[in-house]
Amino acid sequence: MKKSHYKCENCGANLIIDAKAESGVCEYCGAVYYNTDAQAPAEVHHYFGNVKITPARIILAVLLVAALAAAIVVLALYFSGVFNKADSPISNEFKHEKAYLYEGTYLVGEDMEEGEFVAFKDPAKQRGRILILTDPNASAGTSACLEEYRFANNTYFTVSSGTYVKVIDCNVFRVGGIKAEPMADGSFEGNLMLRGGTDIPAGNYILCNDDSNLRYADITCVIGGVEYKKRVGMRTHLNIGEGDYVYLTFGKLYAESAAPMPDVTEDGGYPSGQYKVGTDIPAGRYSLDTGSASMVACFVLNNDGFAFFGKDEEVSPTTMCGYLDLEDGDYIYLYMITLVPQDGEQ
């Protein structure tokens, strides 16, 4: 601390005081004195380059940095799609290199060609969706939505020029660009749509129901352009040609030559399902056991080599007498009926 000499004007005492103090009290007589020669403290300034640093400028700089950081965050969120009201974009790891289209909306005839395509969903999503629209901004459930496809694995769809295709949570491929994958044993299982000549060779197939609790379920096929819905028991046969479709929702689909043999009941009968004579069961004479379900039971006997049939072809067992004589190549469909071999009966 810098000192200076001062003489008290009241008592004449010599005092040593702080040179910067503007006033004080005499330690001898108690008189108040005023130091008119007090030195003002020197101002200290800090500079950044040639710019003087002041509190106001510090506050302004902090605000600018915060604003810049906020702008960077907003831009990052924008480009990542957070502010996009459309459906979440497809997972980057699922953008298949062979895909024809990814997530987006496309005008048929300009952005994409017309014709048939196959879509596979993003595994990270519960379902994939394809919307066929007359208005690119329309949504499902409106009059501008011509078709909506929701699928747990894949679907085939056909589009024509002038319509819009909205691709959601899936990749779109040209037909043949990618195929549904079979299981290790060559069978197909799960929610699949299979196309004859593309995913599977044209030929005869057997769908086996390996769930004993699911006695009946419906399966849809498009054969020769005609849609068939089959109520499946423990087994059913499918004749799949080039361009035919199978909508597989349960069970395991095998090529006819690779399918396991059918299960039999304790008395040697065959439970509800569809059997091919000479492949699943031997030719011969059989009886029909309906148990207590005679009023709702039905069967269909096809001897034309075609496994599909219409509802009008179902026959109630109450209208028949005697036995069924089955020959190789026949298909016998049973609903709520057990087919019982009649060895030795003529």
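The values are calculated or read from the model by the stated rules, or taken from the named source; none is laboratory data. What you see is a predicted model, and the numbers here were worked out from it, not measured in a lab. Virtual Cβ from ideal backbone geometry, glycine too; neighbours counted across all protein chains shown.
Results, tabulated for the structure shown:
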quantity: Region 275-307, residues that are within 15 Å of VAL340 (Cβ to Cβ), surrounded by fewer than 17 Cβ atoms within 10 Å (Cβ to Cβ) and not small (Gly, Ala, Ser); calculated: PRO282, ARG285
quantity: Positions within region 305-335 being among the hydrophobic types (A, V, I, L, M, F, W, C), out of contact with any Cys (no Cβ under 8 Å at 6 or more places or on another chain) and more than 18 Å from TYR270 (Cα to Cα), in sequence order; calculated: PHE306, PHE309, MET320, CYS321
quantity: Complete set of residues in region 293-346 that are β-branched (Val, Ile, Thr), more than 19 Å from PRO262 (Cα to Cα) and either in contact with a helix residue (DSSP H, G or I) (Cβ under 7 Å, 6 or more places away or on another chain) or in a helix (DSSP H, G or I) (or both); calculated: THR318, THR319
quantity: In region 196-225, residue nearest to GLY273 (Cα to Cα) [restricted to those that are charged (D, E, K, R) and out of contact with any Lys or Arg (no Cβ under 9 Å at 6 or more places or on another chain)]; calculated: ARG215
quantity: Leading residue by the ranking (surrounded by the fewest Cβ atoms within 10 Å (Cβ to Cβ)) among those in region 94-118 that are acidic (Asp, Glu) and more than 16 Å from the chain's Cα centre (by Cα); calculated: GLU97
quantity: Strands (runs of 3 or more DSSP E) wholly inside region 98-173 that include at least 1 residues being closer than 19 Å to VAL222 by Cβ and acidic (Asp, Glu); calculated: 115-121, 145-151
quantity: Selection from region 203-224 of residues that are modelled with pLDDT of 90 or more and surrounded by fewer than 15 Cβ atoms within 10 Å (Cβ to Cβ); calculated: GLY203, THR220, GLY224
quantity: Test set (1) at pLDDT below 95; (2) over 20 Å from TYR228 (Cα atoms); (3) not charged (D, E, K, R) - GLY305 fails condition number; calculated: (2)
quantity: Qualifying residue in region 72-95 (condition: modelled with pLDDT of 95 or more, outside any loop (DSSP other than H, G, I, E, B), of a type in the set (Val, Ile, Thr) and more than 29 Å from CYS208 (Cα to Cα)); calculated: no
